[in-house]
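The values are calculated or read from the model by the stated rules, or taken from the named source; none is laboratory data. These numbers were taken from a predicted model, which means no experiment stands behind them. Counting neighbours? That spans all protein chains shown, and the Cβs are built from the backbone with ideal geometry, glycine included.
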Amino acid sequence: MADCSRFADSAEDLLLAQEQGRDLDPDLVAHIDSCAACTRERDQYALLRASLDAAPDHHRAPADAQARIFARIARREEDGQKPVFRRLAWLSAAAVAAAAAWFLVAAPAPPQSIDYNWQISGDPTRPPIRGDYASPGDTLKLRATVPTDMPGYFRLYRGARLRLSCGENPPCRRSPDAMEIDFPLDTRGDYQALLFTGVVLRFEDHPGELQSDIAAAEAAGATVKLSAMVRVR
Amino acid sequence: MAALDQGHPKEALSALMQGYGDAVYAFCHRMVGPALVDDVHQLTFVHAYESLSSFRRESSLRAWLFGIARHRCLDALRREKRRPVVAADPDHHATAHEPLTDRLANRQLLARCLGTLEAKSREAVVLRCEQGMSYGEMEKICAEKAPALQMRVARALVRLRKCIALGGL
């Protein structure tokens with residue numbers, strides 16, 4: 001019985017049953033209770049769980065964490081109140097873009113470099129940028145400088161679930177050195193856009209969930225750029 | 001949330017920090033390691049403050065806050081493109097001679113082995129086993145279904161035990 005590996009062999013299933021709150025096979029339970037090797041293995045997992053359970057107590061926030069957070073908030077609020085400079089920048093941009101809705105501020109990129117911009121465009125009578133917030137009806141405009149010979153893909157997610165994906169074809173627009181897309185934000189939710197570049201991707205291998213797609217693309221050797229979270233409220 | 005209802009967001013944030021500050025810090029520490037934890041922890045509460053008015057009470061405050069922390073951690077990991085760096089373990093060589101039961105209780109070894117897990121496995125096991133989250137809360141935080149999370153926790157525990165048995169190698 002000392003060499004018994006029944007628990008070890010099926011540890012994953014047993015732990016899964018435990019996580020799911022399922023009863024174990026009574027025969028297996030009886031075996032584990034009577035088998036020294038299985039009992040030891042079971043007890044080791046119990047000890048591991050106990051160690052994890054006690055672990056958070058060992059990492060506490062620094063005593064000055066609250067003060068630092070409030071200082072950081074104050075700095076951000078201060079930055080957000082640089083009214084003249086920021087509004088002038090917007091007004092001049094609005095004047096230039098009056099007929100064409102919205103232009104993105106994208107610096108010319110050196111060869112092979114990727115420049116990625118995202119912006120929200122909405123009602124021209126009100127400021128288009130409110131942090132990372134948008135309203136239903138706004139448009140999320142994505143633009144990237146991608147060299148002609150480099151594969152590139154935009155993928156847009158709401159609540160971490162894929163909503164849209166394109167590369168060479170509409171609704172993506174590809175010009176010699178750039179790719180663009182306008183995505184209407186019709187539904188409330190948290191949106192994030194990804195830009196994949198560098199390699200041709202097989203999207204059937206991508207499950208359509210933000211983190212999994214990033215992992216799959218990175219594993220395939222793609223360069224991944226992520227936009228800020230845009231919250232449509 | 002009473003402070004928020006009364007239009008006092010800074011008081012609401014202060015209450016949030018008192019209630020969950022340490023737990024969020026512990027979670028972030030596990031996810032990003034000691035070098036980034038302070039920044040990520042601060043950013044979590046800064047974003048929480050800026051998003052307080054959009055909290056729609058569809059989830060618990062804790063799940064909402066940990067959801068923000070998780071995003072900040074993953075953003076930081078993506079920026080750094082690395083796994084958390086665990087502090088050097090002065091007893092590393094000694095652990096090889098410890099009985100397994102002692103190794104399982106060795107915090108440094110546990111930290112190192114947690115650091116070897118992929119971020120999604122690490123977050124699942126930390127949320128479930130360290131933070132004591134229900135799978136309902138974890139679904140909200142991780143935007144994934146409970147069966148996938150349960151499977152991830154079970155697999156992560158097996159890998160953790162194996163890593164610890166090998167002395168963190």
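Contact annotation: residue pairs with Cβ atoms under 6 Å, 6 or more positions apart or on different chains, pairing a residue in region B:10-37 that is within 18 Å of A:H58 (Cβ to Cβ) with a partner that is β-branched (V, I, T) and surrounded by fewer than 18 Cβ atoms within 10 Å (Cβ to Cβ), are B:G33/B:V85; B:A35/B:V85. The set of residues from region B:132-147 being facing chain A (nearest Cβ under 9 Å), of a type in the set (G, A, S) and within 17 Å of the chain's Cα centre (by Cα) comprises B:G132, B:A143.
Residue by residue, here is whether (1) at negative phi; (2) polar (S, T, N, Q) holds:
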{"position": "A:C4", "(1), (2)": "yes, no"}
{"position": "A:Q18", "(1), (2)": "yes, yes"}
{"position": "A:G21", "(1), (2)": "no, no"}
{"position": "A:L24", "(1), (2)": "yes, no"}
{"position": "A:D33", "(1), (2)": "yes, no"}
{"position": "A:A36", "(1), (2)": "yes, no"}
{"position": "A:T39", "(1), (2)": "yes, yes"}
{"position": "A:I69", "(1), (2)": "yes, no"}
{"position": "A:R72", "(1), (2)": "yes, no"}
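Here is a yes/no grid of residues against (1) β-branched (V, I, T); (2) touching a residue at least 12 places away in the same chain (Cβ under 8 Å); (3) within 14 Å of another protein chain (Cβ to nearest Cβ); (4) within 11 Å of A:Y153 (Cα to Cα):
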{"residue": "A:S175", "(1), (2), (3), (4)": "no, no, no, no"}
{"residue": "A:E180", "(1), (2), (3), (4)": "no, yes, no, yes"}
{"residue": "A:L194", "(1), (2), (3), (4)": "no, yes, yes, yes"}
{"residue": "A:G208", "(1), (2), (3), (4)": "no, yes, yes, no"}
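Within the bounds of region B:45-67, is there any residue that is of a type in the set (V, I, T), over 19 Å from B:Y135 (Cα atoms) and either part of a helix (DSSP H, G or I) or more than 11 Å from chain A (Cβ to nearest Cβ) (or both)? There is at least one residue in region B:45-67 that is of a type in the set (V, I, T), over 19 Å from B:Y135 (Cα atoms) and either part of a helix (DSSP H, G or I) or more than 11 Å from chain A (Cβ to nearest Cβ) (or both). Consider region B:151-169 and keep the residues that are over 13 Å from A:L15 (Cβ atoms) and within 9 Å of chain A (Cβ to nearest Cβ). The one that is surrounded by the fewest Cβ atoms within 10 Å (Cβ to Cβ) is B:A165. Before we move on, is B:L13 surrounded by 16 or more Cβ atoms within 10 Å (Cβ to Cβ), at the interface with chain A (Cβ under 9 Å from one of its Cβ atoms), in contact with a Lys or Arg (Cβ under 6 Å, 6 or more places away or on another chain) and modelled with pLDDT of 85 or more? Here the answer is no, as B:L13 does not meet what is asked. If you filter region A:138-156 down to residues that are aliphatic (A, V, I, L, M) and at pLDDT below 85, you find that the one that is surrounded by the fewest Cβ atoms within 10 Å (Cβ to Cβ) is A:M150. If you check A:A50, A:A61, A:A67 for being within 36 Å of the chain's Cα centre (by Cα), modelled with pLDDT of 85 or more, of a type in the set (A, V, I, L, M, F, W, C) and not in a helix (DSSP H, G or I), only one passes: A:A61. From the set of residues in region A:210-228 that are without any contact (Cβ under 8 Å) to a residue 24 or more places away in the chain and surrounded by fewer than 17 Cβ atoms within 10 Å (Cβ to Cβ), which is farthest from the other protein chains (Cβ to nearest Cβ)? Among residues in region A:210-228 that are without any contact (Cβ under 8 Å) to a residue 24 or more places away in the chain and surrounded by fewer than 17 Cβ atoms within 10 Å (Cβ to Cβ), the one farthest from the other protein chains (Cβ to nearest Cβ) is A:A220.
Contact map, region A:47-69: first residue more than 7 Å from chain B (Cβ to nearest Cβ), second residue among the aliphatic types (A, V, I, L, M) and part of a helix (DSSP H, G or I), Cβ cut-off under 9 Å, separation 6 or more or different chains; pairs are A:A50/B:L104; A:D57/B:A26. Quick one: would you say B:G136 is farther than 15 Å from A:A11 by Cβ, among the small types (G, A, S) and outside any helix (DSSP H, G or I)? In short, no.
Conditions (1) surrounded by fewer than 17 Cβ atoms within 10 Å (Cβ to Cβ); (2) within 18 Å of A:D213 (Cα to Cα); (3) more than 11 Å from every other protein chain (Cβ to nearest Cβ), marked per residue:
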| site | (1), (2), (3) |
| --- | --- |
| B:L117 | no, no, yes |
| B:S121 | no, yes, yes |
| B:E130 | no, no, no |
| B:L149 | no, yes, no |
